[in-house]
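In what follows, a single structure is set out as structure tokens and then discussed.
Read-outs: derived from the displayed coordinates by stated rules, not from any lab. For clarity, every value in this text was computed on a predicted model and none was experimentally measured. Cβ atoms come from the backbone with ideal geometry, glycine included; neighbour counts cover every protein chain shown.
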There are 2 protein chains.
Amino acid sequence: MRLSQFHLRTEKETPADAEVISHKLMLKAGMIRKLAAGLYTWSPLGLRVMRKVEAVVREEMNRAGAIEMAMPSIQPKELWEETGRWAKFGPQLLKIRDRKEQDFCFTPTAEEAVTDFARNELASYKQLPVNFYQVTTKFRDEIRPRFGVMRAREFVMKDAYSFHIDDDSLAAEYRNMYDTYSRIFTRLGLKFRAVFADTGAIGGSASHEFHVLADSGEDALAFSETSDYAANVELAEAVSPGGRVAASESLRDIDTPTQKTCEDVAALMGIPLQRTAKSVAIIGSDADGKEQFVLALVRGDHMVNEIKLAKLPGMADYRLATEAEIADYLGSEPGFLGPLDAKKPIRVIADRSVAALADFVVGANKPGFHIAGVNWGRDLPEPETADIRNVVAGDASPDGKGVLGLARGIEVGHVFALGRKYSEAMKCTVLDANGKAVNPAMGCYGIGVSRIVAAAIEQNHDANGIRWPAAMAPWNVAVCVINPKNDSAVSDAAEALYAELKAAGFDAVLDDRGLRPGSMFADIELIGIPHRVVVSGRGLEAGTFEYRARDATESENLDHETLLGKLRG
Amino acid sequence: MRLSQFHLRTEKETPADAEVISHKLMLKAGMIRKLAAGLYTWSPLGLRVMRKVEAVVREEMNRAGAIEMAMPSIQPKELWEETGRWAKFGPQLLKIRDRKEQDFCFTPTAEEAVTDFARNELASYKQLPVNFYQVTTKFRDEIRPRFGVMRAREFVMKDAYSFHIDDDSLAAEYRNMYDTYSRIFTRLGLKFRAVFADTGAIGGSASHEFHVLADSGEDALAFSETSDYAANVELAEAVSPGGRVAASESLRDIDTPTQKTCEDVAALMGIPLQRTAKSVAIIGSDADGKEQFVLALVRGDHMVNEIKLAKLPGMADYRLATEAEIADYLGSEPGFLGPLDAKKPIRVIADRSVAALADFVVGANKPGFHIAGVNWGRDLPEPETADIRNVVAGDASPDGKGVLGLARGIEVGHVFALGRKYSEAMKCTVLDANGKAVNPAMGCYGIGVSRIVAAAIEQNHDANGIRWPAAMAPWNVAVCVINPKNDSAVSDAAEALYAELKAAGFDAVLDDRGLRPGSMFADIELIGIPHRVVVSGRGLEAGTFEYRARDATESENLDHETLLGKLRG
């Protein structure tokens, strides 16, 4: 491709209304343009990148044995009512009434449509397993579309749906898709993690999210640095630190007139923060459903995990206690709370790491005082123990392998063992080997194709623009021509190099627009081309080309052979 | 691809509710499945064919210098109001209200969106000419969706839009696209014609439709058999047959008691039908807008063309005359009407071919009688003459080259020189070489990608199923294995041949499903694979493969070398 014949239009200014770096850079590089809230036109440059992602996704899905097909965007209400999702999906489902007053939606996902296809097409276990996929435009009517194509309303998704005669076959395909997704993100050159996900209401089936790691990611992830364990921080298990040591101190009041936080108390006492416990006063309910005052204890260096807490008995609808309730039960004001000397009976839930403490410090339930040398069993009963905190970096990995690190991630893929939820609701059956009609087990597997483009930029950029991984770059090598219109020797040499690179299989682009070098280089850096080669009169005289990798800080003058070697990697 | 790992599901029965052969065969071959009225799921087999069409379209558009991008399916009302098309497009425009009560449509075409893109992206004549295209899903809320994907509501269209600094540049790109479309349909292996189209309200700009020729086509086409002239029969000019001969007969009444049609009168008199003229009584309006009785005369072997007639002065809203009006003006009943001896003044419009007649026959305006030996100028005044008939096969071509043939066609492409209609309405300007803001001229160019699949079948089928042109076939060669599970020598030989064909670049498929030969061959014929090779135990013994082209009636036993030569063509 010659850039003079391509439509490239970059912006000098950084767009003011874009909140995240990928949105800013996609606008600045001219990859997308907003048509309306959450609706974007993909320019030739933007589409070129998206097509590279699509191609890798298709190749790997095909290699994995999945079969591409295509379902309509517009789907009838009756279909969605069979599973109850017409009502349940909520206002994100864009509902449409046609000229005959029939109701339809613009599909955000196609479980119903594919199950309808399957119940007509699949008759026998001999046709299973089968995995159908499509790469199509989807729509979610987001209440607040933002971050450009990261959370757009109209987007491109690869969705796949597999059908199985039994759970073993589903498990095998789930693993196959898990491995396929790993190959896809690896080929795309992205740093990613597969994260065990909460299956929530679906009921115990397996589910993994695939996250591109980026500081700006919406999700906090914990992962083992030495195994493939990874989970959302909201879900990652904080394992017990092991047995507690024997008590060695006696109980004593500590004068903490202004020290209301564990950090301040530990600093005053000159002890590690890990020896303190903070008490969070909340209201849950008892076995009879009556309100119950609860003190949740986590170590001074830990944070309560509200999702884990809410899963404990009586805590489904918990709330923070009011100051009046705290005064009533503990006789203190916040900042000095603790599990000893409560005025009324309370429930104490200690995080595993608090249950493992000896000689620790808590609030004294007296304004201005904490208590040190506290020991379970001696000074107060052994507590109810549970995992109620967020993991932190350095925690042992729950799989017993290595310690956890933390990262932020952007969800770009999801694999899901659905089971028979849809095949049962929609009466999709096949005959098994015994001639009996059974509901096939299903899996579904999604990849946010357009979102990957933005996520890759969040992970790969610098002050000068995008730094595409090789597989996603719009082109891999830019041949930049200095002054092409006035120097035919330079122009000829550039054309020759460009032709040579194309013939050798490089995805090369010739920047023959005749811009001044500064503007040209800024564009090439902004749009993230991995390799830049400059052809100039001075270089020709010296018999060299000026080469610079996108991630290098200096250019090098290379002769023809060395240059080609460099480009070949 | 191995068919055992592909989802192929053909139907034995011909679907009862399909009206046209392409719809029947696409259902029978399992290429599509209906989700709702006008909404179809494309099965893996169907999608495979559509992708072949897409690939050819993309390659040729890219070769022509057009640049691919992608615009949203969902577009805001405000945009469509800028051109007035929100109201004008009518109920085919699927209107949508989102959760915030904003109005959108599912785009049937993207002139507004691309002009919005252009007015933001294009600033200078230096960026022109440029031609943007996309291959995306479109929607038209057809009142009566039918014929499967031929007239579906949701469909895949390639739409392109070009921008130009002046009309010459537009004309050049129009020609470029015309040639590109010709290459696309030629590569797809389709018999087609580019047809000059009525530009109607657009105002004189150029427009051509591309039609796939098929007996079942909705459009009647006239084309020169020796030049590239082609037009819709509704529009094709019927040229004058030349000067009339001198009168040689005298006027005389012919007794035609029961002969009310030209055919019957000519048969009774033993004269050619071409010597008779039929009179169609209609009501138009005169220069003052008052109703006027008109007799339109066409030759006995011709048909009145209502579109041509309506373009004449005073005929815009013409209607057929009632029997009472006929009796009032002509004093006769229908079946015996003619331009002589009217009771009241009438307007007579003669088709060019009638104006060229001498000694011809018309109705006598007396029940039971016709008049022969009629001559213009002698028996009645020279008539108002116009082209008011449909052309027929054998007419001289309007371009003076050869004679016209007739065919029926399915419109699959359209090129259109739009001019400045959209750029003016949407205030899209660029600076010209003098620094003056001007509205760019535009062209638009559409191809019905999904429709081509159906049109190709209408053109290429037989009693056994589809006969794909090579470029559109899901696979080009089927290697059919007889009894693969029980004969490993056969199975090994088939695998080896399949691998050899793949390595040699053939798009081959291995039918390893283990079906009985009859069912297997029926499937391969139904889905239209151009070449079939059978590997059997008997063939192996003889050292031959059984080869049959889809369009052949007999198989041949060929040795390995001869087979490969045959497949290479």
task: Take every residue in peptide B:99-106, count the Cβ atoms of other chains within 10 Å of its Cβ, and give the average of those counts.
output: 4
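Starting from 0.36 nm per residue, how many nanometres of slack lie between A:Asp317 and A:Ala542 once their C-alpha separation is accounted for?
Details: separation 225, 0.36 × 225 = 81.00 nm, distance 7.56 nm.
Taking 0.36 nm per residue and subtracting the Cα distance, the gain is 73.4 nm.
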- prompt: Using +1 on the beta carbon of Lys and Arg, -1 on that of Asp and Glu, and nothing else charged, what's the dipole of the range B:477-568 about the Cα centre, debye to 20?
  reply: 180 debye
statement: Computed over chain A: longest principal axis from alpha-carbon atoms vs helix A:517-526 long axis, angle to nearest 10 degrees, is 40 degrees
- prompt: Each label point is 7 Å from the Cα along the Cα-to-Cβ direction; what then is the distance between the points at A:Thr261 and A:Arg51, in nm?
  reply: 5.4 nm
- prompt: Which three lengths, in whole Å and largest first, does the range B:467-553 cover when its Cα atoms are put on their principal axes?
  reply: 33, 29, 22
Formal net charge of residues neighbouring B:Gly409 (Cβ-Cβ distance under 11 Å; K, R +1; D, E -1): -3
Candidate aspartates and glutamates - alpha carbon under 17 Å from B:Lys100, same-chain residues fewer than 8 apart omitted: A:Asp141, A:Glu142, A:Glu154, B:Glu78
- prompt: What dipole magnitude, in Debye to the nearest 20, does the protein assembly as shown give about its Cα centre under +1 on Lys/Arg Cβ and -1 on Asp/Glu Cβ?
  reply: 60 debye
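Can you bin chain A into rounded, prolate or oblate? Criterion: square roots of the alpha carbon gyration tensor eigenvalues sorted a ≥ b ≥ c, rounded for a/c under 1.5, prolate for a/b above b/c, oblate for the rest.
Oblate.
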query: Taking Cα atoms, how many degrees apart are the long axis of helix A:111-121 and the longest axis of chain A, rounded to 10 and kept between 0 and 90?
result: 70 degrees
- prompt: Rg (Å, one decimal) plus Dmax (Å, integer) for the alpha carbons of the range B:252-386?
  reply: 13.9, 44
- line: Taking Cα atoms, the helix B:44-63 axis meets the longest principal axis of chain B at an angle in degrees (rounded to 10) of 70 degrees
message: Using the crude model of +1 on Lys and Arg Cβ and -1 on Asp and Glu Cβ, and no other charge, please compute the dipole size for chain A relative to its Cα centre, in debye to 20.
response: 1200 debye
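Let me know the mean shielding of A:70-82 by other chains, meaning the per-residue number of their Cβ atoms within 10 Å of its Cβ.
On the way: counts 13, 7, 14, 7, 13, 5, 4, 1, 1, 2, 0, 0, 0.
What the average comes to for A:70-82 is 5.
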message: Using a 7 Å offset from Cα along Cα-Cβ at B:Lys401, what residues in the range B:153-191 end up with backbone N under 18 Å from the label point?
response: B:175-176, B:178-180, B:182-183
message: Distances in nm, one decimal, shortest first, from B:Glu218 to the same residue in every other copy, taking the label point 7 angstrom along Cα→Cβ.
response: 4.3
task: In nm, give the distance between the simple-model label positions of A:Asp179 and B:Asn483, each being 7 Å from the Cα along the Cα-to-Cβ direction.
output: 3.6 nm
task: Per residue of B:38-45, count partner chain C-beta atoms within 10 Å of its C-beta, then hand back the mean as an integer.
output: 6
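Calculated FRET efficiency, A:Ile271 and A:Asp341, Cβ-Cβ r, R0 25 Å, to nearest 0.05?
0.70
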query: Highest mean first, what order results for B:115-126, B:526-537 on Cβ atoms within 10 Å?
result: B:526-537, B:115-126
Residue among A:Ala281, A:Met303, A:Ala358 farthest towards the positive dipole end of the range A:252-386, charges placed on Cβ: A:Ala358
Sorted peptide list for B:513-521, A:307-315, criterion being average Cβ within 10 angstrom, highest first: A:307-315, B:513-521
field: Label-point separation, A:Gln92 to A:Thr553 (7 Å along Cα→Cβ), nm
entry: 4.4 nm
- request: Any chance you could run the full-extension gain for B:Glu19 through B:Arg568? It's 0.36 nm times the residue separation minus the Cα-Cα distance, nm to one decimal.
  value: 193.9 nm
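Over the range A:252-386, calculate the relative contact order: mean separation of alpha carbon pairs under 8 Å at least 6 apart, over the residue count, as a percent.
Values: 276 pairs, mean separation 37.5, N = 135.
Computed value for the range A:252-386: 28 percent relative contact order.
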- prompt: Using the Cα atoms of the range B:419-569 to build a convex hull, what is its mean projected area in square nanometres?
  reply: 14.3 nm²
message: Taking R0 as 35 Å, what FRET efficiency do you get between A:Glu306 and A:Asp103 from their Cβ-Cβ distance, rounded to the nearest 0.05?
response: 0.35
field: Estimated FRET transfer efficiency when R0 is 35 angstrom, pair B:Asn62-A:Ser519 (beta carbons, to 0.05)
entry: 0.85
field: Whole-angstrom gap from the range B:482-557 to the range A:455-482, using each part's C-alpha centre
entry: 48 Å
task: Take each of the peptides B:188-195, A:224-231, A:160-167, average the number of other beta-carbon atoms within 10 Å over its residues, and list them starting from the highest.
output: A:160-167, B:188-195, A:224-231
